[in-house]
Amino acid sequence: MFRTLRFDAVLIQAVIAGALSFSHLHDLAQAAGQDGWKAWAYPVSVDLLLVAAWRRMRADGGNHDAWLWFAIALVASLGANVATAGMLDMNNVPPWLRILVAGWPALAFLGGTLLAHAHTPAPKPEPEPVEEPEPELTVERAPEPAPELPPATPEFEEGPPALPEPASSAPAVPVPPALLDHARKIADAHHAQTGAPIDAETLRSRLGIPPALADSIAFQLT
């Protein structure tokens, strides 16, 4: 799978500027008496110092030495461009320029060494997250409802209170057979639990019937 290489105006301009600067530095070094491979080594040395200073500036923007060596390499590159543009007689180079070209390797080595061994500031430690204590949860349990007795069927609305009649008297209120059978079951369950016969008041509360009807049922159950 091939990746498409995109060319933009900035990349093309950087290639052109680098090639011209490289050529101008070579021509200036050759005019100053550096021939053969030595003339080609000078532009490489200048460009390497520029790159080293630029990387140090990006890693530590407050490093003044990086700015200084970047400015020195930039002046060397710009000076070569201006000198080869007709401002200097390339056939008769002045002595001071020959001295600068001859001393450049030592100067570039010193700058590169200082940049390579410069102290890099340690990154600031990130603050540790503060763990907040978890709130204590109190679980309140709802009270369990008391068991409800099944409603007595059929239910009757309670009427006005009346005085109970003597147990020995005959029932004055007729009792439906179904209600009497249901009351007998309740009376048997009460007798099994307590060992005593059920009374009229208990029947009345369990069945929800008027007192007269409860007395009549109790009379028939005895």
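The values are calculated or read from the model by the stated rules, or taken from the named source; none is laboratory data. On a predicted model such as this, the values are computed, not experimentally measured, just so you know. Side chains are part of the model used for accessible areas, which takes the heavy atoms of the whole protein and leaves out ligands, DNA and RNA. Shrake-Rupley method; radii C 1.70, N 1.55, O 1.52, S 1.80 Å.
Restricting attention to helices (runs of 4 or more DSSP H) lying wholly within segment 1-113, give those where 2 or more residues are of a type in the set (Ser, Thr, Tyr).
Numbers: elements: 9-31, 37-59, 64-82.
Counting at least 2 such residues, we get 9-31, 37-59.
Residue under question is PRO105, and the condition is that it be open to solvent by 100 Å² or more (accessible area, probe 1.4 Å) and either of a type outside the set (D, E, K, R) or at pLDDT 85 or above (or both); does it hold?
Numbers: open to solvent by 100 Å² or more (accessible area, probe 1.4 Å): no; either of a type outside the set (D, E, K, R) or at pLDDT 85 or above (or both): yes.
Judged against the criteria, PRO105 is not a match.
Report, by residue number, each residue of segment 14-49 that is among the β-branched types (Val, Ile, Thr) and either modelled with pLDDT under 80 or open to solvent by 80 Å² or more (accessible area, probe 1.4 Å) (or both).
Listed by number, the residues that qualify are VAL15, ILE16.
Name the single residue that is nearest to ILE217 (Cα to Cα) among those in segment 190-203 being open to solvent by 50 Å² or more (accessible area, probe 1.4 Å) and assigned to a helix (DSSP H, G or I).
Initially, segment 190-203 is screened for residues open to solvent by 50 Å² or more (accessible area, probe 1.4 Å), giving 191-195, 197, 199, 201.
With the extra rule that they be assigned to a helix (DSSP H, G or I), the set shrinks to 191-194, 201.
Details: HIS191: 16, ALA192: 19, GLN193: 20, THR194: 19, GLU201: 11 Å.
That would be GLU201.
Could you check LEU11 against (1) more than 30 Å from HIS117 (Cα to Cα); (2) within 54 Å of the chain's Cα centre (by Cα); (3) open to solvent by 80 Å² or more (accessible area, probe 1.4 Å) and say which number it fails?
(3)
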